[in-house]
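Visitor: Input: one structure, supplied below.
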Amino acid sequence: MAKVTVENLTKKYGKTTAVRNISFDLEDNEFFVLFGPAGAGKTTILNMIAGIGDPDEGRICFDGQSMNFIESSKRNVAMVFENYALYPHLTIYENIASSMRTKAHREPEEVIDREVKRIASLLRLEGLLDRKPSQVSNGQKQRAALGRAMVRKPNIFLMDEPLAHLDAKLRNAMRKELKAMQDKLQTTTLYVTHDYAEAMSLGDRIAVIHQGEICQIGTAEEVYNMPATEFVARMFG
Ligand code: ATP
């Protein structure tokens with residue numbers, strides 16, 4: 001896992017400034033949440049860290065090394081999306097294994113097999129490895145998508161509203177699962193959400209984003225008890 005530093009990022013789309021002068025650091029093994037309403041600029045920040053669209057100004061560093069203009073595939077970031085993006089024709093096993101069989105890097109089969117089984121056991125997917133995504137539940141699909149991201153041992157996990165499609169009960173269960181996984185695996189995660197409960201329960205720290213700018217960065221307790229702006233007070237009040 002890497003220490004990730006974001007310095008003075010600005011991104012414009014034509015006349016729209018989607019992100020303005022954003023800075024934050026992610027500590028090793030931290031679960032950092034970007035929280036804000038629709039259109040605040042959260043996905044734009046995530047994408048720039050992933051290498052999908054470079055900033056107009058500012059810098060992204062992994063362990064002190066600038067990532068600007070380094071192509072996405074060389075950054076070793078793992079993205080987990082709302083729609084899981086599993087390969088429908090592959091089994092859960094093959095889906096998880098697929099990210100250890102990239103063009104750039106291919107592990108020996110016995111290493112892949114060991115790692116897939118270790119992750120499957122951690123995510124309680126052992127009995128489902130022979131099934132296709134259409135034969136498992138949404139929560140299990142979500143866990144498989146997480147597993148596929150995890151076996152790559154990424155520098156950072158980028159998660160964009162990964163629980164948004166789930167019903168309230170499952171979302172709650174998955175939230176607990178994510179938290180337990182984070183504690184167990186010690187991963188650095190940047191997590192985007194507009195869900196208050198998710199931000200509060202998952203974030204070691206939360207950055208509150210409004211109209212492309214950071215209003216406050218703090219623990220759940222800090223943003224709740226000591227809101228830095230009117231907007232934060234409204235979001236957490
Ligand atoms: P949501 O939760 O709705 O995804 P968000 O906080 O992730 O919102 P972004 O998707 O980052 O917000 O969008 C920030 C701003 O940039 C919005 O005003 C959006 O309309 C604009 N924007 C994002 N992507 C593009 C694009 N490809 N072209 C033009 N404008 C864009």
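Visitor: With r defined as the distance between the Cβ atoms of R59 and A168 and R0 fixed at 30 Å, what FRET efficiency is calculated, to the nearest 0.05?
Guide: 0.15
Visitor: When Lys and Arg each count +1 and Asp and Glu each count -1, what net charge do the other residues less than 10 Å away from N155, Cβ to Cβ, add up to?
Guide: Local net charge: +3.
Visitor: If I model a spin label at T10 and A228 as a point 7 Å from the Cα along the Cα→Cβ vector, what separation in nanometres do I get?
Guide: About 1.9 nm, to one decimal.
Visitor: How long, wide and thick is the range 117-198, going by the Cα atoms along their three principal axes, in whole angstroms, largest first?
Guide: 36, 29, 17
Visitor: Report, ordered by chain and residue number, the aspartates and glutamates lying within cross-link reach of K141, taken as a straight Cα distance under 20 Å and ignoring same-chain residues fewer than 8 apart.
Guide: Result set, ordered by chain and number: E82, E94, D113, E115, E126, D130, D160, E161, D167, E177, E198.
Visitor: Sort 106-112, 223-229 by the packing proxy (mean of other Cβ within 10 Å over each peptide's residues), most packed first.
Guide: 223-229, 106-112
Visitor: Let me know the Kirkwood hydrodynamic radius for the range 34-130, please, with Cα pairs as the basis and the value in Å to one decimal.
Guide: After inverting the mean inverse Cα-Cα distance, the result is 16.0 Å.
Visitor: OK, next. Write down, largest first, the equivalent ellipsoid semi-axes of the chain in whole Å, where each equals the square root of 5 times an eigenvalue of the alpha-carbon gyration tensor.
Guide: Value: 30, 21, 15 Å, ordered largest first.
Visitor: Something else: Based on the Cβ-Cβ distance from D113 to N83, what FRET efficiency comes out when R0 is 35 Å, to the nearest 0.05?
Guide: 0.80
Visitor: Pick from Y13, Y191, Y93: which is most flexible by mean-square fluctuation in a GNM of the chain where alpha carbon atoms under 10 Å apart are linked?
Guide: So, out of Y13, Y191, Y93, the one fluctuating most is Y13.
Visitor: Among the listed pairs K11/K132; K12/K132; K12/K176; K15/K176; K117/K169; K74/K179, which have their C-alpha atoms separated by more than 32 angstrom in this model?
Guide: Details: K11/K132 39 Å; K12/K132 40 Å; K12/K176 36 Å; K15/K176 41 Å; K117/K169 27 Å; K74/K179 28 Å.
From the list (K11/K132; K12/K132; K12/K176; K15/K176; K117/K169; K74/K179), the Cα-Cα distance tops 32 Å for K11/K132; K12/K132; K12/K176; K15/K176.
Visitor: Please arrange F69, F31 by how many other C-beta atoms lie within 10 Å of their C-beta, fewest to most.
Guide: Starting with the residue having the fewest Cβ neighbours, the order is F69, F31.
Visitor: Please list, short to long, the whole-number percent of alpha-carbon pairs of the range 186-233 in consecutive 10 angstrom bins beginning at zero.
Guide: In whole percents, the pair-distance histogram is 26, 60, 14, 1.
Visitor: What share of the DSSP beta bridges in the chain is antiparallel, in percent to the nearest 5? Write down the numbers at each step before the final one.
Guide: On the way: 20 of 37 bridges.
Percentage antiparallel, nearest 5: 55.
Visitor: I need the shape label for the range 87-152. Rule: rounded when a/c is under 1.5, else prolate if a/b > b/c, else oblate, with a, b, c from the alpha carbon gyration tensor.
Guide: prolate
FYI, it's all coordinate maths here, none of it is from the lab. Model, not experiment: these values are computed from the prediction. Here Cβ is always computed from backbone atoms with ideal geometry, including for glycine, and neighbour counts include all displayed protein chains.
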